[in-house]
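Student: Sending over a structure as structure tokens; questions will come in a sec.
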Amino acid sequence: MITEYQQRLRRHFLAAPVVPAPDPWQQVPAGGTAVGGLLGIGFAVHPESGRDLVMVVSSDGYGLFDAVTGEKIARDRDPGLSTPDASPDLTCPGLGPIAGMRVHIAGLYGGGLHHTTQDGWGLDVIVPEWPHERVLLSRYGDIYRDPPGKGWWHIFHVVSSTFRAAGFSPSGRTLAVATSSDLILWTRPAFDVRA
């Protein structure tokens, strides 16, 4: 039985429009990157620049993206590569500048990404209208009580694809949403957690 409280929460979330992420977050590149058959994603750090990288596993192989520019920097279409479900720790081998490393992957086969940052950003994935997930970004807001735009924002709505994963990079400078057909990235400048 659905309670009045549950009904109120459902109406609360359904009324929140999709809006751009607030400053300092910037979507890169605008509209996201199409990745057919996307299975999962994971984060790594470029060994030279220190920038966040996003590893994408799809039914067609692996791709490695620069999280700041959205540029694909490495690709391997080898169908013989292992998939995260074949690894007991849900990892895949890195490629390009992270060759020789293992990358933890979250998506179709399980796993997870960070849902908070050291400086107070939070991420929630809710489903008030099955099967359409909504990705909410928050900063010191109560998503259950505050109105949208007052400390939390509905930044992405999964409509025509299947949700795979969403979360922050370990550095907290990148936010990613992955569906079965797209990779959507937001980035922000480095921050000082002491500030």
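The values are calculated or read from the model by the stated rules, or taken from the named source; none is laboratory data. Treat the numbers as computed from the prediction; the structure is a model and nothing was measured. Using ideal geometry, Cβ is built from the backbone for each residue, glycine included, and neighbour counts are taken over all protein chains shown.
Student: Among (1) at pLDDT below 95; (2) within 18 Å of Phe163 (Cα to Cα); (3) hydrophobic (A, V, I, L, M, F, W, C); (4) touching a Pro at 6+ places or on another chain (Cβ under 7 Å), which single condition is Ile105 missing?
Tutor: For Ile105, the failing item is (1).
Student: Collect the residues in region 147-168 that are assigned to a strand (DSSP E or B) and among the β-branched types (Val, Ile, Thr), keeping them in residue-number order.
Tutor: Pass one, region 147-168, residues assigned to a strand (DSSP E or B): 152-157, 163-168.
Selection gives Ile155 alone.
Student: Then there's this: In region 171-179, is there at least one residue being more than 27 Å from Val35 (Cβ to Cβ), over 11 Å from the mean Cα position of the chain (by Cα) and not basic (Lys, Arg)?
Tutor: no
Student: Here is a follow-up. Exactly one condition in (1) under 30 Å from Lys150 (Cβ atoms); (2) at pLDDT 90 or above; (3) over 16 Å from the mean Cα position of the chain (by Cα) is false for His46; which is it?
Tutor: So the condition that His46 fails would be (1).
Student: Also: Checking Cys92 against (1) at pLDDT 95 or above; (2) part of a strand (DSSP E or B), which single condition isn't satisfied?
Tutor: Failed condition: (1).
Student: Something else: Could you pull out every one of the strands (runs of 3 or more DSSP E) wholly within region 1-76 that has 2 or more residues that are loosely packed, with under 11 Cβ neighbours inside 10 Å?
Tutor: Passing ranges, in order: 26-34.
Student: To continue, here is another question. Checking Leu123 against (1) farther than 19 Å from Ser59 by Cα; (2) touching a Ser or Thr at 6+ places or on another chain (Cβ under 8 Å); (3) outside any strand (DSSP E or B), only one condition comes out false. Which one?
Tutor: (3)
Table: residues versus (1) modelled with pLDDT of 95 or more; (2) among the aliphatic types (A, V, I, L, M); (3) surrounded by 13 or more Cβ atoms within 10 Å (Cβ to Cβ).
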| site | (1), (2), (3) |
| --- | --- |
| Asp85 | no, no, yes |
| Glu133 | yes, no, yes |
| Leu136 | yes, yes, yes |
| Arg145 | no, no, no |
| Ala165 | yes, yes, yes |
| Ser169 | yes, no, yes |
| Leu175 | yes, yes, yes |
| Arg194 | no, no, no |
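Student: Looking only at residues that are in contact with a His (Cβ under 7 Å, 6 or more places away or on another chain) and touching a residue at least 40 places away in the same chain (Cβ under 8 Å) in region 104-135, which one is nearest to Thr187 (Cα to Cα)?
Tutor: For region 104-135, the residue satisfying everything is Leu123.
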